[in-house]
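See structure below.
The values are calculated or read from the model by the stated rules, or taken from the named source; none is laboratory data. All of these numbers come straight from a predicted model, not from anything done at the bench. With ligands, DNA and RNA removed, areas are computed over all heavy atoms of the protein, side chains included. Shrake-Rupley method; radii C 1.70, N 1.55, O 1.52, S 1.80 Å.
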Amino acid sequence: MNVVTETLWAVARGLPLTIGIWLASVATGLLAGVLVACARHFGPRLLNAVLLTLVEIVRGVPFVVQAFLLYYGGPFIGLDLTPILAGWLALSIYATAYFSEIFRAGFLAIPRGHTEAARLLGLSTNQTIIRILLPEMALSVLPALANLAVILVKETAILSIITVPELTFTVSGVGSATFAFAQTMTALALSYWALVELTAYAARRLERGIARATLGTA
């Protein structure tokens, strides 16, 4: 089997796991990020302070260090995870911290009068968030969310250091075995470029769809 064929097989083996971990982490990060942002924006000051500290720790430590500590350091505190589970959890935590800041900024950008009007109408905090704030915020924060999703696609490559058999791990293995690093790294770069472009395209389509639904634009 020649280098090209081996590289293509490596891409085919690693790509599904890369996409799966990325999608799962984005979904988890979005949900947890909304909850953290709501807790910080509407919760008591003590809760805000605690969550702020945790978010800043995650944002202040390189992702490669977080993944390494979670997988290799986890057993020392009784957290013995498989590489895939550790990779998903590490990327989800990382995504949550950044998504929460995007959502919090979106909440702060909404005029205060909208929240006060909802209260005058007798809406509860949960109703205000679901019916007023989230729809208003969705379109304004979508570009930032899409940009972070693109970043998370590329961050999946770091999971190779904890032996997650994703795209970088499988393709790099071919390069190490054949010493054809130029060919394998070019294929790896093109694979990530394609993922990034597809993500950006999907985000643009989603943004236009939300714009039509909320603003009635074409």
- Query: Taking the structure as given and computing Rg and Dmax of the Cα atoms in Å, which label from (1) 17.0, 50; (2) 17.4, 54; (3) 20.5, 71 fits?
  - Reply: (3)
- Fraction of accessible area attributable to carbon and sulfur, region 3-215 (%, probe 1.4 Å): 70 percent
- Any helix of the chain counts here only if DSSP assigns it H throughout, its Cα atoms span 24 Å or more along the axis, and its mean Kyte-Doolittle hydropathy is at least 0.0, and such helices are 3-42, 83-109, 134-155, 181-215
- Item | Alpha-carbon centroids, region 1-65 and region 70-118: separation in whole Å | 7 Å
- Which whole-number percent gives the relative contact order of the chain, counting Cα pairs below 8 Å spaced six or more residues apart? 31 percent
